[in-house]
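All remarks here apply to the structure that follows.
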Amino acid sequence: MPHITAPDGVKLYYEETGAGYPIVFVHEFAGDCRSYEGQLRFFGRRYRCVAYNARGYPPSDVPADTAKYSQAHARDDILAVLDGLGLKRAHIVGVSMGAFATLHFGLAYPERASALVIVGCGYGAAPEYREQFARETEAAAQRFESAPMDEAARAYALGPSRVQLLNKDARGWEEFRAHLAEHSPQGAALTLRGVQKQRPSLFDLTDAMRRIETPTLIVSGDEDDQCLEPALMMKRTIASAGLVVMPRTGHAVNLEEPACFNATLADFFHQVEAGRWTSRDPRSTTGKIM
């Protein structure tokens, strides 16, 4: 099995397909590299596509030390993948937990990202939800530690922004649930406590976001309630950002609407590569109505 070793010694499993300009896919908490199968098959026809498992997700290492899990580690593991594969730059695509990592990567290493795709980013970000998010994150961590993994996975997969996938595609939802049930209970709990629960609010990063010049695409489902307002905030803050909201869609947009998702990203990448994705015209931000 192919692995890349991060600077702190943690080994990260990865898969790749295709040839051409690189795209690196960063998965969500409830997924792993298999979550991007629909994207690997589509974009692998024209790009070199890489998807990897985050630390805590076998066959990547599952460190037992909570200090090995943080937003900074998640950010720098993207860099480790690029360095390990000899990639100077890449388009970076992240969903949910992976979207937070992608945003932080764009903030810290702008010279290494040719495009940022930030999907379903915002859980617990709004100030009024911070305490609730911390409580629910801890409860989920305890459930992964104490309940049978199949039971914990089913409970998580029936969350308010996941039932949309079940209603649209019961077979796809069952695959999503089954993959989640195969995860490491320890890795899931440590990721929830170290990465999710401790990450900074998006609303505390607005000054840094205003400095982003990398072409950025923000994607959200319109029924992903925790991510809609953060998506609007990021669109309004990042001058190089565009926003796509997909109707009747929950959290994992790439699983729910793969054809639309792939087409949207393909068009975005084409504009970026043609030099046509520019920052917002300042004439549109004067504050005037007409």
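Computed from the coordinates by the stated procedures, all read-outs in this text should not be read as laboratory data. Computed from a predicted model, the values in this text were never measured in an experiment. Cβ placement follows ideal geometry from the backbone for every residue including glycine, while neighbour counts extend to all protein chains displayed.
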Count the lysine pairs in the chain whose Cα atoms lie under 27 Å apart, taking only pairs 8 or more positions apart in sequence or on different chains. 8
Please label the shape of region 79-168 as rounded, prolate or oblate, based on the square roots a ≥ b ≥ c of the eigenvalues of the alpha-carbon gyration tensor (a/c under 1.5 means rounded; beyond that, a/b larger than b/c means prolate, else oblate). prolate
The chain - charge dipole about Cα centre, Lys and Arg +1 at Cβ, Asp and Glu -1, debye rounded to 20: 800 debye
Taking the number of other C-beta atoms within 10 Å as the exposure measure, put D267, D32 in order starting with the fewest. D267, D32
In what order do T137, T237, T286 fall by count of nearby beta-carbon atoms within 10 Å, going from fewest to most? T286, T237, T137
Proxy reagent accessibility, fewest Cβ within 10 Å first, across I289, I212: I289, I212
Taking the Cα centre of each part, how many Å lie between region 53-86 and region 231-269? 25 Å
As an exercise, identify the GluC sites (Glu not before Pro) in region 167-233 lying in DSSP coil whose Cβ has no more than 16 other Cβ atoms within 10 Å. E182, E213
Heads up, the chain by the C-alpha gyration tensor (a ≥ b ≥ c square roots of eigenvalues; a/c under 1.5 rounded, else a/b over b/c prolate, else oblate) looks rounded
Virtual spin-label span in nm between E175 and T278, 7 Å along Cα→Cβ: 4.1 nm
Local net charge near A241, Cβ-Cβ under 13 Å (Lys/Arg +1, Asp/Glu -1): +4
Whether region 119-194 is rounded, prolate or oblate, judged on the alpha carbon gyration tensor where a/c under 1.5 counts as rounded: oblate
